[in-house]
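Notes for the one structure printed next.
What follows draws every value from the coordinates through simple rules; no lab data is involved. Note that this is a predicted model, so its numbers are computed, not measured. Please note: Cβ atoms are built from the backbone with ideal geometry, for glycine as well, and neighbour counts cover all protein chains shown.
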Amino acid sequence: MSAVPLASSPNLARVSGDFMIMSTACWRAYVGTWEIIDERLYLVEIDATYNNGNKVKMTDIFPETQEKVFANWFTGPVLCNCGELIDFKERIYEEELILTFSNGILVKEKTVKNAVKIKKNDQIFFLK
């Protein structure tokens, strides 16, 4: 998934400065797990650690919930890469699923099929 819906949540700003950066591969210091249920985007899990070593709980960010959180703050596209990676440098996959949300509700869905890159005799060809 190439989007960070949780970053636009006003609730995250209260606590994210206290998150421990565990890897340079993830500077935001957390990983969110998302589900779409009945055309609504939900945060179902967060994986993060505070600087003091304690694990972050969903209730730390969203005190009013115990389980999943409807992402009513999020408006924008979410890109989901599907299939094989066909161009490493450009990070292009065989297919891209583009989901567009308005206040957490799925309003548009589009699939883009990218060209397949084939190398033959040191030449590169793209097939549609």
Taking the range 85-101 only, how many residues are within 23 Å of G32 (Cα to Cα) and either more than 17 Å from the chain's Cα centre (by Cα) or loosely packed, with under 12 Cβ neighbours inside 10 Å (or both)? 2
Being surrounded by fewer than 13 Cβ atoms within 10 Å (Cβ to Cβ) and charged (D, E, K, R) is the requirement here; does K108 meet it? yes
Run down F62, F74 and say which single residue is in contact (Cβ under 8 Å) with a residue 60 or more places away in the chain, closer than 27 Å to M20 by Cα and either surrounded by 16 or more Cβ atoms within 10 Å (Cβ to Cβ) or within 13 Å of the chain's Cα centre (by Cα) (or both). F74
Does any residue in the range 19-32 that is within 19 Å of G53 (Cβ to Cβ) come within less than 6 Å, Cβ to Cβ, of a residue that is surrounded by 12 or more Cβ atoms within 10 Å (Cβ to Cβ) and of a type in the set (V, I, T) six or more places away or on a different chain, and which pairs are these? M20/T49; A29/I21; Y30/I46
Take T49 and decide whether it is among the hydroxyl-bearing types (S, T, Y) and surrounded by 16 or more Cβ atoms within 10 Å (Cβ to Cβ). yes
Can you name every residue in the range 15-35 that is loosely packed, with under 12 Cβ neighbours inside 10 Å and charged (D, E, K, R)? E35
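For (1) within 17 Å of L106 (Cβ to Cβ); (2) out of contact with any helix residue (DSSP H, G or I) (no Cβ under 8 Å at 6 or more places or on another chain), each residue gets a yes or a no:
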| position | (1), (2) |
| --- | --- |
| A3 | yes, yes |
| A7 | no, yes |
| P10 | no, yes |
| T24 | no, yes |
| W27 | no, yes |
| L43 | yes, no |
| G53 | no, yes |
| F62 | no, no |
| Q66 | no, no |
Looking only at the range 29-41, how many residues end up being closer than 23 Å to V107 by Cβ and either basic (K, R) or part of a strand (DSSP E or B) (or both)? 8
Kindly indicate whether R40 is in contact (Cβ under 8 Å) with a residue 40 or more places away in the chain and of a type outside the set (V, I, T). yes
Counting only residues that are more than 25 Å from V56 (Cβ to Cβ) and part of a loop (DSSP other than H, G, I, E, B), how many does the range 66-102 have? 4
